[in-house]
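The values are calculated or read from the model by the stated rules, or taken from the named source; none is laboratory data. Just so you know, these numbers come straight off a predicted model, no measurement behind them. We place every Cβ from the backbone using ideal geometry, glycine too, and count neighbours over all the protein chains shown.
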Amino acid sequence: MKLALAQIEIEAAAIEGNRRRAESAIERAASQGADLVALPEIFNVGYFAFDVYERYAEPLGGETLTRIADMAVDHGIAVIAGSIVEDLAATETASTPAESGLANTTVFFDQEGERQGIYRKRHLFGYDSAEADLLVPGERDTVVEFKGFSVGMTTCYDLRFPEQFRRLTEAGATLVVVPSAWPYPRVEHWETLSRARAIENQQYIATINGAGSFDDATLLGRSTVYDPWGTTLASSDDDPALVIAELDPSTVERVREEFPALRDRRQ
């Protein structure tokens, strides 16, 4: 499977410009033969634009995700649209963790534009951030079957909670995609935690970050695909980029057979 990570420039509250950049990246990924493309966290509004979350929140059937689904169909490519600010009260086509409020929500669309999985960020960032005050946490882990992979979805801060990745592994995940809005200066955390999740679960980890600056934060980019050994297959710097890597589901099985750490685990 060919995976593309669309590290797009994200501007605070520039919702139409951000959508168009996401659509352009999807088109470019498809033109390069990608089977699946992933977008960053809060790619349409901008993660750090907390003051406009409520204004730009949308249901799952809103304009942003409808346009992404249409792009998937038009270009024959699956898309992890991760993520948007979801208006839970306005969502009518799926169950929600609360009757009202906002959530940080990622959706997996297949090549026919059909919704195959929904993931709402479980761990809300409370350190120098308004996220934990503004959003409702998700309650469910999500795994989607695609091209021989069991694809798990998490979001940004979730990287700091290894138990969630272990649950996904126990649910069969062989690839976990992590839409993010990870800022400077925590470069070492971004790289170390991502690699550790790959090594300890013997699975592919793909971290997709945004690019650009906000009033009080600059995204560090560095979208990366790690193999089940924790080896970097493809990566970027902090500028907008399309990161592409070839993934083989048999690699996960081979690594787990060669080095059976998961079998040796005791509880």
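For this structure, a couple of remarks:
- The single residue among Ala4, Ala34 that is farther than 20 Å from Thr105 by Cβ, at pLDDT 95 or above and assigned to a loop (DSSP other than H, G, I, E, B) turns out to be Ala34.
- Neighbours by Cβ (under 9 Å, 6+ apart or cross-chain): first from the range 25-42, within 18 Å of Ala206 (Cα to Cα); second charged (D, E, K, R) and surrounded by 24 or more Cβ atoms within 10 Å (Cβ to Cβ): Glu41/Lys121
- Residue tally, condition acidic (Asp, Glu) and either in contact with a Gly (Cβ under 7 Å, 6 or more places away or on another chain) or modelled with pLDDT under 95 (or both), over the range 186-212: 0
- Qualifying residue in the range 213-235 (condition: buried (at least 18 other Cβ atoms within 10 Å of the Cβ), small (Gly, Ala, Ser), modelled with pLDDT of 95 or more and on the phi > 0 side of the Ramachandran plot): yes
- Qualifying positions in the range 240-266 - part of a strand (DSSP E or B) and small (Gly, Ala, Ser): Ala241, Ala245
- Given (1) assigned to a helix (DSSP H, G or I); (2) within 26 Å of Arg21 (Cβ to Cβ), number of the condition Thr192 does not satisfy: (2)
- Long-range neighbours under 6 Å by Cβ, at least six apart or interchain, first residue closer than 16 Å to Glu41 by Cα within the range 150-176, second buried (at least 18 other Cβ atoms within 10 Å of the Cβ) and among the aromatic types (Phe, Trp, Tyr): Met153/Tyr119; Tyr157/Phe125
- In the range 156-183, the residues that are among the aromatic types (Phe, Trp, Tyr) and more than 15 Å from Ser223 (Cβ to Cβ): Tyr157, Phe161, Phe165
- Checked against the criterion of being of a type outside the set (A, V, I, L, M, F, W, C) and over 27 Å from Ala34 (Cα atoms), the candidates Thr169, Thr218, Thr251, Thr207 yield just one match: Thr218.
- Qualifying residue in the range 208-227 (condition: under 24 Å from Ser150 (Cα atoms), over 15 Å from the mean Cα position of the chain (by Cα) and not small (Gly, Ala, Ser)): yes
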